[in-house]
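The values are calculated or read from the model by the stated rules, or taken from the named source; none is laboratory data. This one's a predicted model, so the numbers in the text were calculated from it and none came from an experiment. Note that each Cβ is placed from the backbone with ideal geometry, even for glycine, and that neighbours are counted across all protein chains shown. Areas reflect the complete protein model, heavy atoms only, side chains present, ligands, DNA and RNA absent. Shrake-Rupley method; radii C 1.70, N 1.55, O 1.52, S 1.80 Å.
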Amino acid sequence: MLIDTHAHLSDDRYKDNLEEIIAEFKTNNLEKVINVGYDLFSSKIGIELTQKYDSVYASIGVHPSNASEYTLEVETFFKSVANSKKVVAVGEIGLDYYRSTEEKYLQKAVFIKQLELANECNLPVIIHIRDAYADALTILQEHKHLLNNSGVLHCYGGSLEYAKEVLKLGLYFGFDGPITFKNSNTAEKVLKHLPIDRILTETDSPYLTPHPYRGKLNEPKYVALVAKKMAEVFGVSVSEIIEITNKNAKNLFKKLSE
Ligand code: NI
């Protein structure tokens with residue numbers, strides 16, 4: 001069965017039908033979904049969802065666009081819940097110079113702080129990078145000692161050369177709807193050349209809806225379309241790619257199989 005390793009079920013746009021969406025996971029061949037936090041509030045909602053629904057897991061973290069919200073109080077809260085059975089990762093954390101809502105120095109400091117948090121709590125990291133590839137790689141290379149529990153570059157949009165550097169750090173790559181877009185080169189130029197045991201399926205719901213539903217609200221069930229495209233790219237069957245990516249997800253997010 002499929003695993004969506006990156007969704008934002010806490011998003012307001014699901015508030016009227018979230019129960020229905022989650023109830024349909026099994027029918028849609030979805031085994032597990034990781035709700036990824038981007039601030040304190042969304043991280044807390046994620047934890048609540050894990051208590052309510054068997055198939056939902058949580059990642060806790062502060063997105064670079066919210067870097068100034070990463071206070072000692074937030075860190076203390078994260079530390080207090082990191083050992084919970086269904087808190088599987090720290091993220092999404094990273095650098096985002098595109099939205100540039102926060103100063104670069106602050107984003108970098110908060111990114112490093114959360115890499116330290118993940119290492120201390122023995123959790124992998126979910127990394128978001130936008131328009132900040134060079135600085136992010138420098139931070140990751142300089143803090144390799146904090147990556148003992150590995151991590152994923154979520155919604156990977158970098159080059160193959162860059163990916164090779166990231167592979168040296170032992171990290172994974174997450175792919176979403178954009179690999180299904182007709183004008184996307186990522187699938188052919190990058191995904192195809194990556195080791196198949198390093199790729200993860202994700203949706204980033206409610207964003208990045210795959211073809212042919214582009215323009216509509218994304219949902220975890222559409223992770224099937226991402227898997228289908230991956231199968232095409234690697235020349236394997238859909239059931240094989242599901243088996244492989246499911247195993248990859250469980251290798252990275254250890255608590256998914258506990
Ligand atoms: Ni996201």
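Output the number of the condition that Tyr70 fails; it satisfies all remaining conditions of (1) closer than 23 Å to Asn251 by Cβ; (2) open to solvent by less than 60 Å² (accessible area, probe 1.4 Å).
(1)
Here are some conditions: (1) closer than 18 Å to Gly91 by Cα; (2) touching a Leu at 6+ places or on another chain (Cβ under 7 Å); (3) aliphatic (A, V, I, L, M); (4) touching a residue at least 60 places away in the same chain (Cβ under 8 Å). Leu153 meets all but one. Which one does it not meet?
The one condition Leu153 does not meet is (4).
Take the range 141-189 and flag every residue that is under 23 Å from Val226 (Cα atoms), out of contact with any strand residue (DSSP E or B) (no Cβ under 7 Å at 6 or more places or on another chain) and aliphatic (A, V, I, L, M).
Leu160, Leu167, Ile179, Ala187
Where residues in the range 198-220 are open to solvent by 60 Å² or more (accessible area, probe 1.4 Å) and more than 15 Å from His154 (Cα to Cα), which of them is farthest from the ligand (Cβ to nearest atom)?
Per the criteria, the residue is Pro212.
Matching residues to (1) surrounded by fewer than 16 Cβ atoms within 10 Å (Cβ to Cβ); (2) within 23 Å of Ala136 (Cα to Cα):
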| site | (1), (2) |
| --- | --- |
| Val33 | no, no |
| Ser42 | no, no |
| Ile47 | no, no |
| Thr76 | yes, no |
| Gly94 | no, yes |
| Tyr97 | no, yes |
| Glu102 | no, yes |
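Residues of the range 108-130 being within 16 Å of the ligand (Cβ to nearest atom) and polar (S, T, N, Q), which ones?
Result: Gln114, single match.
Of the numbered conditions (1) closer than 24 Å to Ile129 by Cβ; (2) open to solvent by 60 Å² or more (accessible area, probe 1.4 Å); (3) not small (Gly, Ala, Ser), Leu225 fails exactly one; give the number of that condition.
Going through the list (1) closer than 24 Å to Ile129 by Cβ; (2) open to solvent by 60 Å² or more (accessible area, probe 1.4 Å); (3) not small (Gly, Ala, Ser), Leu225 breaks only (2).
Between a first residue in the range 64-78 that is among the hydroxyl-bearing types (Ser, Thr, Tyr) and a second residue that is modelled with pLDDT of 95 or more and part of a helix (DSSP H, G or I), which pairs have beta carbons less than 6 Å apart while being 6 or more apart in sequence or on different chains?
From the range 64-78, the pairs are Tyr70/Val110.
Residues being open to solvent by 30 Å² or more (accessible area, probe 1.4 Å) and under 17 Å from the mean Cα position of the chain (by Cα): count how many of those fall in the range 21-31.
Counting residues in the range 21-31 that are open to solvent by 30 Å² or more (accessible area, probe 1.4 Å) and under 17 Å from the mean Cα position of the chain (by Cα) gives 1.
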